[in-house]
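*Asks:* Below: one structure in structure tokens.
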Amino acid sequence: MKVDSADLKVEVSGVRLDAYLADRLADTSRTVVQSLIRNGRVGVNSKIIAKPSFELHSGDSISISQPNSESPLDDAEVMRLEIVHETVDYMVINKPPGIVVHPSPGHARGTLAQAAIAYAPELSGLGEAGREGLVHRLDKDTSGLIVFAKNETTLALLQQQFKAREIDKTYLALVDGAPPSDKGRVEAPIARDRRMRKRFAVQEGGRPAITEFRIRESFRQHTLMEAFPITGRTHQVRIHMKFIGCPVVGDEVYGHRDRSLGVERQQLHAWKLKFPDREEFEAPIPADLSDAIRRARRL
């Protein structure tokens with residue numbers, strides 16, 4: 001984005017950019033100022049600065065640009081992000097349930113991808129439009145870890161590592177009933193359901209799909225399981241859990257709404273990621289899943 005002509009001339013040194021602007025701009029909160037900065041709207045000495053804590057020096061020129069309708073940053077939206085890990089090359093985010101990952105029909109706003117651009121404007125123009133920097137995806141009602149790359153090299157590398165099954169994924173799934181064994185491996189091809197085109201199913205001729213699993217804790221009516229998707233098909237863990245007779249609690253597409261536990265969404269959480277360099281990340285178990293587990297213990 002091109003920065004417009006300078007609006008403010010700094011007369012002090014050692015002050016944060018966001019603090020300085022919040023003090024100089026009447027009726028503008030520091031939160032709004034930080035949003036402007038992270039959206040790439042603020043420049044210092046004709047260079048966009050996306051870091052609110054940037055330190056100013058006496059003589060610096062600050063400019064605030066007007067939105068450009070052709071800029072992908074116009075779709076950026078401020079949302080509190082829980083960043084588990086961040087480097088200059090990528091960031092790992094703990095996605096809350098109920099948030100759509102990227103824009104799609106019926107979900108044009110309020111997506112995680114748009115919030116990621118608002119936080120890290122360098123994602124703009126990186127990869128597929130609407131999915132800037134996105135390495136992989138999670139369902140709307142699945143919580144947990146998701147990765148965004150910050151440059152083309154890292155994006156290509158991480159996508160290849162996911163495709164080559166070099167990144168280990170661990171999900172937590174609270175399911176109805178109990179699996180046929182304490183641990184096992186499901187190898188069942190997945191394709192779009194011939195009868196209901198908006199969902200997928202295990203069927204011959206589908207794409208190969210493999211999920212390993214083991215029981216973490218057993219209850220009278222439910223089971224807490226660890227699932228390890230080896231491949232990455234759409235809805236894979238949910239479909240394979242149904243296939244072995246244990247649909248994910250609250251999954252209204254592949255199971256049913258579980259009235260006994262009072263949940264509002266499928267109880268599936270992308271819990272851990274382990275990279276090829278053995279660096280491992282973990283997302284805390286969300287409150288609704290923790291509550292559902294406690295209720296399952298009491299039944």
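*Asks:* Can you name every residue in the range 196-218 that is crowded, with 21+ Cβ neighbours inside 10 Å and of a type outside the set (Phe, Trp, Tyr)? First the steps, then the outcome.
*Replies:* If we filter the range 196-218 for residues that are crowded, with 21+ Cβ neighbours inside 10 Å, which is where we start, we get 200, 209, 211, 213.
Of everything in the range 196-218, those that are crowded, with 21+ Cβ neighbours inside 10 Å and of a type outside the set (Phe, Trp, Tyr) turn out to be Ala209, Thr211.
*Asks:* What number of residues within the range 219-232 satisfy the criterion of being within 25 Å of Asp168 (Cα to Cα) and either surrounded by fewer than 20 Cβ atoms within 10 Å (Cβ to Cβ) or modelled with pLDDT under 95 (or both)? Steps first, please.
*Replies:* Within the range 219-232, the subset within 25 Å of Asp168 (Cα to Cα) is 223-232.
Still in the running and either surrounded by fewer than 20 Cβ atoms within 10 Å (Cβ to Cβ) or modelled with pLDDT under 95 (or both): 226, 228, 230-232.
Adding up the residues that qualify gives 5.
*Asks:* Could you count how many residues in the range 267-282 are over 19 Å from Glu217 (Cα atoms) and either in a loop (DSSP other than H, G, I, E, B) or among the basic types (Lys, Arg) (or both)?
*Replies:* Total meeting the criteria: 6.
For (1) touching a strand residue (DSSP E or B) at 6+ places or on another chain (Cβ under 9 Å); (2) not β-branched (Val, Ile, Thr), each residue gets a yes or a no:
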| position | (1), (2) |
| --- | --- |
| Gln161 | no, yes |
| Ser181 | yes, yes |
| Ile190 | yes, no |
| Arg199 | yes, yes |
| Pro208 | yes, yes |
| Arg214 | yes, yes |
| Glu217 | yes, yes |
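*Asks:* Could you list all residues from the range 68-108 that are touching a Ser or Thr at 6+ places or on another chain (Cβ under 6 Å) and at pLDDT below 90?
*Replies:* Matches in the range 68-108: Pro72, Leu73, Val78, His102, Pro103.
*Asks:* With respect to Gly250, is the statement that it is surrounded by fewer than 21 Cβ atoms within 10 Å (Cβ to Cβ) and either part of a strand (DSSP E or B) or touching a residue at least 12 places away in the same chain (Cβ under 8 Å) (or both) true? Let's see the steps before the verdict.
*Replies:* Numbers: surrounded by fewer than 21 Cβ atoms within 10 Å (Cβ to Cβ): no; either part of a strand (DSSP E or B) or touching a residue at least 12 places away in the same chain (Cβ under 8 Å) (or both): yes.
When the stated conditions are applied, Gly250 does not pass them.
*Asks:* Now for a different question. For the range 5-26, enumerate the residues that are charged (D, E, K, R) and either under 33 Å from the mean Cα position of the chain (by Cα) or at pLDDT 80 or above (or both). Give the steps one after another, and end with the answer.
*Replies:* Filtering the range 5-26 down to residues charged (D, E, K, R) leaves 7, 9, 11, 16, 18, 23-24.
Within the range 5-26, Lys9, Glu11, Arg16, Asp18, Asp23, Arg24 qualify.
*Asks:* Applying the selection to the range 243-276, what residues are out of contact with any Asp or Glu (no Cβ under 9 Å at 6 or more places or on another chain) and either aromatic (Phe, Trp, Tyr) or not assigned by TED's automatic domain parsing to the domain that holds Glu217 (or both)? Spell out how you get there, then give the answer.
*Replies:* Residues of the range 243-276 out of contact with any Asp or Glu (no Cβ under 9 Å at 6 or more places or on another chain): 243-244, 252-254, 259-260, 269-270.
Within the range 243-276, Phe243, Tyr254 qualify.
*Asks:* Which condition number does Thr111 fail, the rest of (1) surrounded by 22 or more Cβ atoms within 10 Å (Cβ to Cβ); (2) of a type outside the set (A, V, I, L, M); (3) at pLDDT 95 or above being met?
*Replies:* (3)
Per-residue answers, yes or no, for (1) within 17 Å of Leu172 (Cα to Cα); (2) within 20 Å of the chain's Cα centre (by Cα); (3) assigned to a helix (DSSP H, G or I):
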residue: Val237; (1), (2), (3): yes, yes, yes
residue: Glu264; (1), (2), (3): yes, yes, no
residue: Asp288; (1), (2), (3): yes, yes, yes
residue: Arg294; (1), (2), (3): yes, no, yes
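*Asks:* Within 27 Å of Glu252 (Cα to Cα), part of a loop (DSSP other than H, G, I, E, B) and hydrophobic (A, V, I, L, M, F, W, C): does that describe Val100?
*Replies:* Values: within 27 Å of Glu252 (Cα to Cα): yes; part of a loop (DSSP other than H, G, I, E, B): yes; hydrophobic (A, V, I, L, M, F, W, C): yes.
So Val100 fits the description; yes.
The values are calculated or read from the model by the stated rules, or taken from the named source; none is laboratory data. If you're wondering where the values come from, they're calculated on a predicted model, not measured in any experiment. Quick reminder, even Gly has a Cβ in these numbers, built from the backbone with ideal geometry, and neighbours come from all protein chains shown.
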